[in-house]
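Below is one structure, written out as structure tokens; the observations come after it.
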Amino acid sequence: MPRFAANLSMMFNEHGFLDRFEAAKAAGFEGVEYLFPYAHPASEVRAALDAADLQQALFNCPPGDWEAGERGMAAIPGRQAEFRDTIEQALEYAAVIGPYRLHIMAGLSEGPAARACYVENIAWAAERSPETTFCLEPINSRDMPGYFLSRSDQAVAIIDEIGAANVTLQFDLYHAQIMEGDLTRRLEALIGQIGHIQIAGVPDRHEPDTGEVDMPRMFGVLDRLGYGGWVGAEYRPAGRTEDGLGWLKRAMAG
């Protein structure tokens, strides 16, 4: 059975951020992920991880002005210097809290110039920190219109072009089901390039055992394929987080 990490940006919001680590451990999670840790000193995040005896699975590089609607800048021409600064900040945090697995958001952009900028920036990051695994995540165009990266084949073509072992696919079953479907065959084809997996129920992004995807079957597919990485639970609980964790208890028991 996969190792599950709670996404603390979406889950356990009944608690303050630094208190969510203990809540995740009490609920049965082995690891955690979240969007952005930068509102807190890295030392405080590390202390929360250690106190809860949790592993850090993944977090995002800074996305620009999130409140103003920015969703990364890696594919936005003219912002290369700012992009490099965000990578440096993320690496400083990773040096303290781990895990040397970082998601780079592409941003709202399109066209050949955006693609060339994206390839340039990701290749630079990969060379800058070869010990870090950088993840590229396609995000569905319904939830995030205009996002540069929306399909797995688009991401894989860029990963192949860059040709760096530390640039991998972040495969979110929620986004992939909305944009592409055929999840079993996609996992079979892409498993060698996947560095991180995330889950949520489709279409409402609630608990993974709700909606149209047979998530226990997907867990079995991951086992069959020998996936040894983390599965991040990146969903919005329909109610109190702890009340919707039946899916986790059944997965851990099975």
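What the table shows:
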| item | result |
| --- | --- |
| Computed over segment 117-170: relative contact order in percent, which uses C-alpha pairs under 8 Å that are six or more apart | 44 |
| DSSP loop trypsin sites (Lys or Arg not before Pro) with at most 14 other Cβ within 10 Å: longest gap in the chain | 1-141 |
| Computed over the chain: relative contact order in percent, which uses C-alpha pairs under 8 Å that are six or more apart | 20 |
| Proximal charge balance of residue 65 [Cβ under 14 Å; K/R count +1, D/E count -1] | -2 |
| Rg followed by Dmax, in Å, when segment 178-254 is reduced to its Cα trace | 12.6, 36 |
| 1.4 Å probe accessible area per residue over the chain, in Å² | 41 |
| Convex hull of segment 38-164 built on C-alpha atoms - directionally averaged projected area, nm² | 8.0 |
| Proximal charge balance of residue 119 [Cβ under 12 Å; K/R count +1, D/E count -1] | -2 |
| Sorted largest first, extent of segment 71-138 alpha carbons per principal axis (Å) | 36, 23, 21 |
| Pair residue 225, residue 18: separation of 7 Å Cα→Cβ label points (nm) | 3.8 |
| Helical contribution to [θ] at 222 nm, DSSP H n ≥ 4, -39,500 (n - 2.57), averaged over the chain, rounded to 500 | -12000 deg cm²/dmol |
| Rounded percent of accessible protein surface that carbon and sulfur make up, segment 1-76, 1.4 Å probe | 48 |
| Extension gain (nm, one decimal) between residue 124 and residue 153, 0.36 nm per residue minus Cα-Cα | 8.3 nm |
| The chain: most fluctuating residue of 123, 238, 94 per GNM, C-alpha cutoff 10 Å | 238 |
| Ratio Rg/Rh, restricted to the chain and using Cα atoms, in which Rh is the Kirkwood radius | 0.94 |
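The values are calculated or read from the model by the stated rules, or taken from the named source; none is laboratory data. Every value quoted in this text rests on a predicted model; they were computed, and no experiment measured them. Reconstructed Cβ throughout: ideal geometry from the backbone, glycine too, with neighbour counts over all protein chains shown. The protein model used for the area step is the full one, side chains on, heavy atoms only, and it has no ligands, DNA or RNA in it. Shrake-Rupley method; radii C 1.70, N 1.55, O 1.52, S 1.80 Å.
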